[in-house]
Amino acid sequence: QVQLVESGGGLVQPGGSLGLSCAASGSIVSINIMGWYRQSPGKQRELVAQITSIGLTTYAASARGRFTISRDNAKNTVYLQMNSLKPEDTAVYYCNALILNRVYWGQGTQVTVSS
């Protein structure tokens, strides 16, 4: 059994910064890919960024240049540093992990960008 627990969401003003973290625990040998997705009301869940076990990263166009994904393999933890936040970044952010061809999801953390 694998669990992913996100933390770090909250309310931030436009132009502000926020950091998210997600720790995986349980029966884990190694995690191939870890990533962050987000979902706004009425919209489909979309990829924000993902990172492989050797540090190769992929970003959505909306996140590139403002968000930075990183991970600590020893801690099975992935991070998302979000800068220059915009109201349209408001969403529930979910982390996920690909472990032995199975995808696991966290419970989500709310990020609200508003003045």
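Need one number: convex hull volume per residue for the range 62-115, Cα atoms only, in Å³.
103 Å³
Would you work out the relative contact order for the range 29-115, in percent, from Cα pairs under 8 angstrom that are 6 or more residues apart?
30 percent
Hey, any idea what % of the range 38-77's accessible area is carbon plus sulfur with a 1.4 Å probe?
Numbers: 1220 of 2480 Å².
Accessible surface attributable to carbon and sulfur in the range 38-77 totals 49 percent.
What are the ³J(HN,Hα) couplings of the range 49-63, residue after residue, when phi is run through the Karplus curve with 6.51, -1.76, 1.60 and θ = phi - 60°? Round to Hz, x for glycine and proline.
Each residue's phi maps through the Karplus curve to give 6, 8, 9, 8, 5, 9, x, 6, 10, 9, 10, 5, 4, 5, 9 Hz.
Quick check: net charge around Val111, other residues with Cβ under 12 Å of its Cβ, Lys/Arg +1 and Asp/Glu -1? Kindly include the intermediate steps, with their values, before the conclusion.
Working: positive: Arg38, Lys86; negative: Glu6, Glu88, Asp89.
It works out to a net charge of -1.
Running a GNM on the chain with Cα contacts under 10 Å, which residue among Asn76, Asn96, Asn32 ends up with the highest mean-square fluctuation?
Asn32
What does the charge count near Tyr93 come to, summing +1 for each Lys or Arg and -1 for each Asp or Glu among other residues with Cβ under 11 Å from its Cβ? Could you put the intermediate results ahead of the total?
Numbers: positive: Arg38, Arg45; negative: Glu6, Glu46, Asp89.
Taking every other residue near Tyr93 into account, the sum is -1.
Please work out the average accessible area per residue across the chain, using the 1.4 Å probe convention, and give it in Å².
Numbers: 6180 Å² over 115 residues.
It amounts to 54 Å² per residue over the chain.
The values are calculated or read from the model by the stated rules, or taken from the named source; none is laboratory data. Only a predicted model underlies this, so the values are computations on that prediction, with no experimental measurement involved. A quick note on method: Cβ atoms are made from the backbone with ideal geometry, for glycine too, and the neighbour counts reach across all protein chains shown. Keep in mind that these areas ignore ligands, DNA and RNA; they rest on the heavy atoms of the full protein, side chains included. Shrake-Rupley method; radii C 1.70, N 1.55, O 1.52, S 1.80 Å.
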